[in-house]
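Contents: one structure, followed by commentary.
The values are calculated or read from the model by the stated rules, or taken from the named source; none is laboratory data. Since the model is a prediction, treat every value here as computed from it, not as a measurement. Positions of Cβ are backbone-derived with ideal geometry, glycine not excepted, and every protein chain shown enters the neighbour counts. Ligands, DNA and RNA are excluded from the accessible area calculation, which covers all protein heavy atoms including side chains. Shrake-Rupley method; radii C 1.70, N 1.55, O 1.52, S 1.80 Å.
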Amino acid sequence: MAPTVVVGVGAGIAAYKAAILVRALMRAGVKVHVVPTPRSLDFVGRTTWEGLSGQPVLTGVADLPGADHVELARVAQLIVIAPATADLIARLRSGVADDLLTTSVLAAHCPVLIAPAMHSNMWTNPATQDNVRVLRERGVHVLDPDTGALGSGDSGIGRLVDPETIAKKALELLGRGKVKDSLEAAVKLDAAAKTEQKQALAGARILITAGGTREPIDPVRFIGNCSSGRQGIEIAKAAFAAGAQVTLFASNIESEMLSELDSRIDVVPAPSSIDVEEAVMSRLKDCDALVMAAAIADFKPEAAREDKIKKDPDSTDAPILHLVRTTDILRSVCVSKDRPKVVLGFAAETGTPEDVLNLGTKKALRKGADLLAVNRVGGGAGFGEVDNEVWLLDSAGLMLESTKGSKSRVAQALVSAIGDRLARLSR
């Protein structure tokens, strides 16, 4: 029988990261009950937690059937709280039981693991440090927060540790005693599933867009962006290595980077947004999956000038460009009668990680792609030869997983997700 874990969610801006924790635990064969504090639902809603866990989400002590407010404490083999806010930590230390989460902790005999997240000043405050010390003395496992960018815009200690780190610690705690055999079996099943994902791409036909489009202003100028095409190149490599037949639509990618590709990958130049649109729409019938990794311009000049625009030496005025919207290619694909079995789009956004995920969630609902890879760009992040961090959402905006690291590693995770979806559709 799969072990049961209660994942408690505090009312902090890092609450969205708990979705990654829930997914990681479930992939390891764990049954998860999410118990958010009432105020945390202002950050991540009940529907998201129910969609991820497949279990009803309750917050009040009288919400359980029969008003059995300690039932979850009876069945849980571990309680994990992430993020644990300063307020929640203080209430746990004091033995407060004013909602379902704090009641479950007070009534539980299983291990409790908390991952604090808060502003640096709150974490280093003597009151918080004393609360944490007391909880540790009582046997509560505490993962100290990381140092880095905070939701307030400041930087310092207080950032929630990576959800994968929390999941790893949780599985270590579960590995003690009766549930060890269950976890070992779950790991074997997960490994078998990964093998099946790779096999699912054998013979699959995949279209990939990569690079950044250039929209001509005149014969020598254009509107462009900073995309190098590296992430799309790595996706093409990973898909080909997994057995797929790959066609890459390359938007202004350096020839040196293209030379890294196997000669059996079909490379089609697509310098502008209209070129990408025509190339993609004309081949939809002939593919199983489409990955829209290219940075497509949202706007272009209403008309490109035939001659170079010259600076008038007798005037200080600058020419005015009239811009028009380009076609939303991803949305067009998603509503097309020739839509492939799997459509994966990208959403590159600026701002804090929380801002980026919020914008990506709205885009997932708007676009209708099966999968949406959301990542942060700007300020040295996202574009070029740098590591990437991607949150993968489904069409309902639910978090499926998060991957951080080299673009090769991110590509492998995305290709694996495509393979998993294709495999499920073929059953």
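I'd like to compare 118-127, 387-396, 79-88: which one has the highest average count of other Cβ atoms within 10 Å, and what's the full order after that? Walk me through the intermediate numbers first.
Numbers: 118-127: 16.0, 387-396: 19.3, 79-88: 25.6.
Answer by packing, highest mean first, reads 79-88, 387-396, 118-127.
Taking the centroid of alpha carbons for each part, region 385-409 and region 130-148 are 29 Å apart.
Take the Cβ-Cβ distance between D146 and D314 as r, set R0 to 45 Å, and report the resulting FRET efficiency rounded to the nearest 0.05. Let's see the in-between values first.
Details: r = 59 Å, r/R0 = 1.32.
Plugging the Cβ-Cβ distance into 1/(1 + (r/R0)^6) gives 0.15.
For a modelled paramagnetic label at R305, 7 Å from Cα along Cα-to-Cβ, the residues of region 200-220 in reach, with backbone nitrogen under 17 Å, are 215-220. Please report the antiparallel percentage of DSSP beta bridges with both residues in region 5-157, rounded to the nearest 5. Counting DSSP beta bridges with both partners in region 5-157, the antiparallel share is about 15 percent. Panel values: region 237-326, Kirkwood radius from alpha carbon pairs, Stokes-Einstein at 20 °C and 1.002 mPa s, translational diffusion coefficient 133 µm²/s. For D286, the shell of other residues with beta-carbons less than 12 Å away shows a net charge of 0, using +1 for Lys and Arg and -1 for Asp and Glu. Dimensions of region 35-118 from C-alpha coordinates, computed as largest minus smallest value along each principal axis and given longest first, are 28, 27, 21 Å. With N the number of residues in region 292-341, Rg(Cα) / (2.2 N^0.38 Å) evaluates to 1.82.
Loop-located trypsin sites (Lys or Arg not before Pro) in region 91-156 (DSSP state other than H, G, I, E, B) with a sparse environment of at most 11 neighbouring Cβ atoms within 10 Å: R138. For the residue pairs K367/K407; K308/K363; K168/K367; K17/K237; K363/K407, the C-alpha atoms sit more than 26 angstrom apart in K308/K363; K168/K367; K17/K237.
Computed in the context of the full set of protein chains, the accessible area of the chain at 1.4 Å probe radius has 50% of its extent on carbon or sulfur.
Solvent-accessible area per residue in the chain equals 47 Å², computed with a 1.4 angstrom probe and all protein chains kept. Once you treat every alpha carbon in the chain as an equal point and sum by Debye, what is log10 I(q)/I(0) at q = 0.08, 0.11 Å⁻¹? Taken in order of the listed q values, log10 I(q)/I(0) reads -0.52, -0.89. With the helix formula -39500 (n - 2.57) applied to DSSP H stretches of n ≥ 4, the chain reaches a computed 222 nm mean residue ellipticity of -11000 deg cm²/dmol.
So in the chain, what percent of DSSP beta bridges are antiparallel if you round to the nearest 5? Could the numbers behind the result be given before it?
Values: 22 of 64 bridges.
The antiparallel proportion sits near 35 percent.
How big is the convex hull of the Cα atoms of region 289-388, per residue, in Å³?
Numbers: hull volume 17.8 nm³, N = 100.
Dividing the Cα hull volume of region 289-388 by its residue count gives 178 Å³.
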